[in-house]
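Just below is one structure, and these are the notes that go with it.
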């Protein structure tokens, strides 16, 4: 069905320079290298813990999968769950890598929160498989709903990063050995390569103001329901940005080695019920989506693309009307949002829609702003040392 496209006042932000924010977004600082002992470690900066039903920032478990070149492919030769950790005074965990191979051109895929999201019953049989086979067949999360449903079985959001073309000698230097991307380890702390964990889903927040603080609102709009149409039911944990130090992704990962999850799904999924604030002035809702692509790139009002449907009553009207909240296209060069052109849902991005009501009773349009920002806590720094 066709939906009214909301009148849009656009405010687009994309926050870069994340290194300047790490003091605020991380808990504590890395443990001092002389406290770690000898060996190879994974030092993880933990972002602030979330309070929602979905633990947006928490790391419940983390696995390392090691790949070596064989016959023109990268083949999994070893894996381990990282459990041997050292805590600094601020409880920042530093995981020790123990089951790694040695040699050159070694890749390591790190996945956080794999458990409860992927069947690990036969994980031992994954050794010997190509990286792309694991990425498209095993590191795949499928739900019955396009909206990520929080619960005890999938409370933690999977996150991924990859270190590439590493050289790990049989005998490490005494003390802490820092891995350098596409190089040999170094004992110089400042030369460690910093990797980024990136969540596999996007965060959506809708903020509906029931009262205008400036006194300019003619009519309030009150939400009756929110739904997602043509959202995907599955997503790849890994992404096609193979550089583990990348700050952000610019394209959705919908196909890996010929296996596709499709640009969009079908049908409509409830996104939940908006919560009204205690003062009755605002409604809010937060949910999470798998990545999607764009089917019709020419029309922001197209029913062929994934979209959010905001159903609401206006003023004293008791009959709800449906309005579409489009997913904006992100310009990969300027980081500007082009809301005249539809975009795909991008992982690890945070789409916030702020609805300000109806400013003109003669022409029913709903004012809202949309901000697309990098989901900063998701870009937790991962240093392999």
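Just so it is clear, none of the values below were taken in a lab; they were calculated from the coordinates. Here the structure is a predicted model, which means the values were calculated and not measured. In this analysis, Cβ positions are derived from the backbone assuming ideal geometry, glycine residues included, and neighbour counts consider all displayed protein chains.
Only counting other Cβ atoms within 10 Å, I'd like 292, 77 sorted with the fewest neighbours first.
77, 292
If packing is taken as the average count of other Cβ atoms within 10 Å, what order do 281-289, 339-347 fall into, highest mean first?
So the order, starting with the most tightly packed, is 339-347, 281-289.
Neighbour counts of other C-beta atoms within 10 Å: give me 135, 200 arranged from fewest to most.
135, 200
Does a label point 7 Å from the Cα of residue 154, set along Cα-to-beta-carbon, have any residues of region 276-310 with amide nitrogen under 12 Å, and which are they?
Counting backbone N atoms under 12 Å from the label point, the list is 288-291.
Taking neighbour counts of Cβ atoms within 10 Å as a proxy for exposure, in what order, fewest first, do 221, 123 appear?
The fewest-first ordering by Cβ neighbours comes to 123, 221.
For region 113-203, just the Cα atoms, rotate onto the principal axes and tell me the three extents in Å, largest first.
49, 32, 21
Report the FRET efficiency, 1/(1 + (r/R0)^6), for residue 170 and residue 122, where r is their Cβ-Cβ distance and R0 is 30 Å, rounded to 0.05.
Using R0 = 30 Å, I get an efficiency of 0.50.
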